[in-house]
Amino acid sequence: MKFELPDLDAMQVLGSRLADALQVGDVIALSGGLGAGKTTLARAIIAALGHQGEVPSPSFAIIETYDPPALRLPLVHADFYRLKHPEEVHEIGLDDYRQGAALIAEWPESAGGFSHEPGCLSLHLETLGNGRIATVVAGKDWLGRALWT
């Protein structure tokens, strides 16, 4: 499914809808080039889950975690851009962080991808003028969740 996100407000609305549907064990895999809006959308999701204040980009730390009561569910926000090999996700302990949490993964292809997981919602973002185009592929666990109505 493809749809247009003409401005920042549309990114915020999408982030809110994704946050409302997000469950423990889910992965939101955000791909696209530099400046495509991956971190902007991740921040919108995290804010909609209840986080107040700054949401640092995990580019340097690779993994940032958020826990209740600040959010309605435990969340891991990861940026895999700096990984050289997908096996590095095991070295940083991603599986341990994911226990009982949802995951927002930027640059998921650098971590070997998550699209094989039934709880993965893949969003590929591309710039289009001042807005974005999002191509969405939903794993079977996302089917039936009201995201686009």
Handout entry: Structure-derived Rg/Rh (Cα atoms, Kirkwood Rh): which label, when the choices are [x] 0.93; [y] 1.03; [z] 0.98
Key = [x]
Problem - Cα-centre dipole for the chain with unit charges at Cβ (Lys and Arg positive, Asp and Glu negative), debye to 20 - result: 360
Fill in the blank from the handout: Per the charge dipole of segment 33-106 (beta-carbon charges, Lys/Arg positive, Asp/Glu negative, Cα centre), the residue among Ala78, His90, Gln52 reaching farthest to the positive end is Gln52
Handout entry: For segment 72-149: span of alpha carbons on each principal axis (Å, largest first)
Key = 38, 30, 24
Handout entry: segment 1-76: translational diffusion in µm²/s, Stokes-Einstein, Kirkwood Rh over Cα pairs, 25 °C, 0.890 mPa s
Key = 188
Completion exercise
Scalar couplings 3J(HN,Hα) for segment 19-34 by Karplus 6.51 cos²θ - 1.76 cosθ + 1.60 (θ = phi - 60°), nearest whole Hz, x for Gly and Pro, are 4, 4, 8, 5, 10, 4, x, 6, 10, 10, 9, 9, 10, x, x, 4
Problem - Residue-averaged 222 nm ellipticity for the chain, from DSSP H runs of 4+ at -39500 (n - 2.57), nearest 500 - result: -6500 deg cm²/dmol
Handout entry: Ordering of 81-94, 124-137, 31-44 by burial proxy (mean other Cβ atoms within 10 Å per residue, highest first)
Key = 31-44, 124-137, 81-94
Problem - segment 34-119: C-alpha pair distances exceeding 18 Å, % - result: 40
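Quick note: the coordinates plus some simple rules give every number you see, no bench work behind them. All values reported here derive from a predicted model rather than from experimental measurement. With ideal geometry, Cβ positions are generated from the backbone for all residues, glycine too; neighbour counts draw on all protein chains shown.
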